[in-house]
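Engineer: Below you will find the structure I want to go over with you.
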Amino acid sequence: MYNAKAYAAASATSRLAPYTIPRRDPTAHDVQIDILFCGICHSDLHHVRDEFASLMPTIYPIVPGHEIVGRVIKVGPAVTKFKPGDHVAVGCMVDSDGTCPSCQAGLEQFCPNMILTFNSPDKHLGGVTYGGYSESIVVDERFVLRVPANLDPAGAAPLQCAGITTYSPMRRWGVTQGKKVGVVGLGGLGHMGVKFAKAFGAHVVVFTTSPGKQEDALRLGADEAVVSRHADEMQKHIGSFDFILDTISADHDINAYINLLRLDGNLTLVGAPAKPLAVAAFGLLFGRRSLSGSLIGGIAETQEMLDFCGEHGITADVEVIKIQDINEAYERMLRSDVKYRFVIDMASLKA
Ligand code: NAP
Ligand code: ZN
């Protein structure tokens, strides 16, 4: 066991502050990673403030962070896929049972014994797992990903959550050339959704509450950008979408988007507002529309997504911050003022 510097919150109302955590020495199948960058996901904030209490109560102190990019510094004797010096990544999961039907199907995110990168039981050291707001992490090689060499490491960090969470449902629901696709909410997830939908050849429409983001939406690859508070602009799109990805982190009227779907259209929810959303039955009945959810993606698909990003030169648009500025970054994220993902430069933690 060794000590690592980290940032943690001591309670749902505490600011994040310096903290020291234990990390295990790598066992036979483990990879020890020196963390270079870690993205800031809105889920980090939900967890820190215990907003998922009904499903996953937060155990304090919490060290968030599941968009990790780093360099391998040590590997266990049985590790075959990685060696010291490799550029690697870790996302939202660090373990699963490997034997259940979900794991067998490459859907580790649905394994009943899946272990999240933070706030899950730590079977090695006891207590809970600690995430990427830290100088290093030790992870079983099955959950370590390879980062294409041409991708900027800071811009590649958010691919581990914002990237796979938008890539996976778009693949599943057949987002391809000729499809009309909506992306609701232009934040960390939303801006990656725009990039993927564009790369898959779809006609992409962004729905935003922030008029100041319209121009950016087009620059990111959208064909149209609609301010969702303008009823007349919304009206123009009624009944026209094949697929809509809803990334909003807070309470909102989901029916306004269900009504934009065409016959057999699908709206997939990836945003995780703490409060239940009210769904009007008729919006689904007329048009045989469907509403579904999606949770990150399996390890094989995450690697596929990273390789796709390597081939197409796709990374997140990031604002790199020092870890000392984390609390201000959280407040800006709550004000929808992120362009379009905060990423922590972990050198600031070591300084
Ligand atoms: P984010 O960067 O904060 O983006 C969320 C965006 O939603 C904002 O930029 C804003 O976009 C819009 N928004 C915020 N409050 C709103 C409101 N009251 N009404 C309407 N729109 C609002 O967050 P993120 O990191 O992308 O995460 C988004 C959500 O996805 C979070 O709930 C997070 O927990 C969840 N998540 C889910 C998964 C999964 O596996 N399903 C994975 C990661 C994250 P505009 O300014 O454009 O309106
Ligand atoms: Zn996330």
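The values are calculated or read from the model by the stated rules, or taken from the named source; none is laboratory data. Computed from a predicted structure; not experimentally measured. With ideal geometry, Cβ positions are generated from the backbone for all residues, glycine too; neighbour counts draw on all protein chains shown. All accessible areas refer to the heavy atoms of the entire protein, side chains included, with ligands and DNA or RNA removed. Shrake-Rupley method; radii C 1.70, N 1.55, O 1.52, S 1.80 Å.
Engineer: In debye, nearest 20, what is the charge dipole magnitude of the chain about its Cα centre with +1 on Lys and Arg Cβ and -1 on Asp and Glu Cβ, if you could check? If you can, show how the numbers build up before the last one.
Structural biologist: Details: 32 positive and 38 negative charges, 33 e Å.
That gives a dipole near 160 debye.
Engineer: Summing Lys, Arg as +1 and Asp, Glu as -1, what charge do residues with Cβ under 10 Å from the Cβ of MET1 carry, MET1 excluded?
Structural biologist: Numbers: positive: ARG23, ARG24; negative: ASP25.
Spelling it out: positives minus negatives among the neighbours equals +1.
Engineer: Based on alpha-carbon atoms only, what is the radius of gyration of segment 103-197 relative to the globular estimate 2.2 N^0.38 Å?
Structural biologist: Details: Rg = 16.0 Å, N = 95, 2.2 N^0.38 = 12.4 Å.
In units of the 2.2 N^0.38 Å rule of thumb, it is 1.29.
Engineer: Give me Rg over Rh for segment 218-282, both radii from the alpha carbons and Rh done the Kirkwood way, two decimal places. Provide the component values of the computation, followed by the final result.
Structural biologist: Working: Rg = 12.3 Å, Rh = 12.9 Å.
For segment 218-282, the value is 0.95.
Engineer: Select from PHE207, PHE241, PHE286 the residue whose mean-square fluctuation is largest in a Gaussian network model of the chain (Cα-Cα springs shorter than 10 Å).
Structural biologist: Greatest mean-square fluctuation among the candidates belongs to PHE286.
Engineer: I need the phi-derived Karplus couplings for segment 180-187: 6.51 cos²θ - 1.76 cosθ + 1.60, θ = phi - 60°, integer Hz, Gly and Pro marked x.
Structural biologist: Whole-Hz 3J(HN,Hα) from phi for segment 180-187: 9, 10, x, 10, 9, x, 9, x.
Engineer: For segment 152-259, what size does the Cα cloud have along each of its three principal axes, sorted from largest down, in whole Å?
Structural biologist: Computed over segment 152-259, the largest-to-smallest principal extents equal 41, 28, 25 Å.
Engineer: Net charge around ASN119, counting only other residues with Cβ within less than 11 Å of its Cβ (Lys, Arg = +1; Asp, Glu = -1)? Each step should come with its number before you reach the end.
Structural biologist: Numbers: positive: none; negative: ASP44, ASP50, ASP122.
My count for the surroundings of ASN119 gives -3.
Engineer: So for the pair VAL320, ALA256, with labels modelled 7 Å out along Cα→Cβ, what separation do we get in nm?
Structural biologist: Output for this residue pair reads 3.7 nm.
Engineer: May I pose another question? Translational diffusion coefficient of the chain at 4 °C, 1.567 mPa s, Stokes-Einstein with Kirkwood Rh over Cα pairs, in µm²/s as a whole number. Can you show the working numbers first?
Structural biologist: On the way: Rh = 20.5 Å.
Once the numbers are plugged in, D ends up at 63 µm²/s.
Engineer: 7 Å from Cα along Cα→Cβ at both ILE238 and LEU218: what's the point-to-point distance in nm?
Structural biologist: A separation of 2.7 nm, rounded to one decimal place.
Engineer: Here is a follow-up. Just need the relative contact order of segment 231-294 here, percent rounded to a whole number, with Cα pairs under 8 Å and 6+ apart. Intermediate results must be reported in sequence, preceding the final value.
Structural biologist: Working: 116 pairs, mean separation 22.6, N = 64.
Reported relative contact order: 35 percent.
Engineer: Looking at segment 245-305, I'd like the Rg to Rh ratio, where Rg is from alpha-carbon atoms and Rh is Kirkwood's inverse mean 1/r.
Structural biologist: 1.04
Engineer: What part of the accessible area of the chain, given as a whole %, is carbon or sulfur when the probe is 1.4 angstrom? Present the calculation step by step, with values, prior to reporting the outcome.
Structural biologist: Details: 7890 of 14500 Å².
Accessible surface attributable to carbon and sulfur in the chain totals 54 percent.
Engineer: Are any of the pairs LYS5/LYS322; LYS81/LYS350; LYS83/LYS195; LYS5/LYS339; LYS195/LYS339 more than 20 Å apart by Cα-Cα distance, and if so, which? Write out the running numbers ahead of the final one.
Structural biologist: On the way: LYS5/LYS322 14 Å; LYS81/LYS350 28 Å; LYS83/LYS195 32 Å; LYS5/LYS339 28 Å; LYS195/LYS339 14 Å.
In this structure, LYS81/LYS350; LYS83/LYS195; LYS5/LYS339 exceed 20 Å between Cα atoms.
Engineer: Evaluate the distance, in nm, between pseudo-label points positioned 7 Å from the Cα of ILE59 and of THR209 along their respective Cα→Cβ axes.
Structural biologist: Label-label distance for ILE59 and THR209, simple model: 3.4 nm.
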